[in-house]
Every structure is written in C-alpha cells, then in structure tokens.
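Peer 1: After the structure tokens below, expect a handful of questions from me.
The values are calculated or read from the model by the stated rules, or taken from the named source; none is laboratory data. Note that the structure is a prediction, hence the values are computed from the model and not measured. Every residue, glycine as well, gets a Cβ built from its backbone with ideal geometry; the counts of neighbours run over all protein chains shown.
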C-alpha cells in the first residue's frame, strides 16, 4: 500500500513552501493537483523537478478520479494531493475521498 500525502501549498510566496512539500513534489509517484498548471509553476519556482505523473483533481472531476487514485495507492504508489493554495480537505479538493483512505 502506498502513502497518501495531503500537502499544504503556500498561500502567498512560493518560498513559504515547506521542505517536505519540495521533497514530495520531487519524489511522489502521482501528484493529484487542483490545477496542473499551478503545481508545475510552483515546482518551477521552487527549482523542483516533478518526477511523477501529474493529474488534475478538482471539484468537477474528483468523483471520477477517486477510484483510480485508490488503485494507485493499493498498487504501492505514493499519491500527493495539492490544492492551488492551502490544504487539501480543508480547501478543495480532497474532502470527498480522504475519509475513504
């Protein structure tokens, strides 16, 4: 079983990103992002290369993405969930599936 990581992203300055977020972006197998463009821009501003697959994961597609992400976890892949700014499950996405893990 892989690990589900819910990571806070900076609300303002990208430099406020934690070292753990930087490491997770660089090493996680799957990055489920509210906006893939924003997570790529964040990684670039942090000088981090995202090595895993990046998928969109937002309010309108969250229900259809949960099962594939759970399958990734069951297959042993680590999954990182990030929002545009803030914390998943507190700010969308993530509220619908976090209790299932």
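Peer 1: Residue by residue through region 71-88, note down the ones that are modelled with pLDDT under 95 and surrounded by fewer than 16 Cβ atoms within 10 Å (Cβ to Cβ).
Peer 2: 85, 86, 87
Peer 1: Criterion first (surrounded by 15 or more Cβ atoms within 10 Å (Cβ to Cβ), out of contact with any strand residue (DSSP E or B) (no Cβ under 9 Å at 6 or more places or on another chain) and either touching a residue at least 12 places away in the same chain (Cβ under 8 Å) or assigned to a strand (DSSP E or B) (or both)) does residue 39 satisfy it?
Peer 2: Numbers: surrounded by 15 or more Cβ atoms within 10 Å (Cβ to Cβ): yes; out of contact with any strand residue (DSSP E or B) (no Cβ under 9 Å at 6 or more places or on another chain): no; either touching a residue at least 12 places away in the same chain (Cβ under 8 Å) or assigned to a strand (DSSP E or B) (or both): yes.
Spelling it out, it is not the case that residue 39 is surrounded by 15 or more Cβ atoms within 10 Å (Cβ to Cβ), out of contact with any strand residue (DSSP E or B) (no Cβ under 9 Å at 6 or more places or on another chain) and either touching a residue at least 12 places away in the same chain (Cβ under 8 Å) or assigned to a strand (DSSP E or B) (or both).
Peer 1: I'm trying to understand the selection: among the residues of region 2-28, which are in contact with a helix residue (DSSP H, G or I) (Cβ under 7 Å, 6 or more places away or on another chain), modelled with pLDDT of 95 or more and either more than 23 Å from residue 75 (Cβ to Cβ) or surrounded by fewer than 20 Cβ atoms within 10 Å (Cβ to Cβ) (or both)?
Peer 2: Of everything in region 2-28, just one residue is in contact with a helix residue (DSSP H, G or I) (Cβ under 7 Å, 6 or more places away or on another chain), modelled with pLDDT of 95 or more and either more than 23 Å from residue 75 (Cβ to Cβ) or surrounded by fewer than 20 Cβ atoms within 10 Å (Cβ to Cβ) (or both), namely 2.
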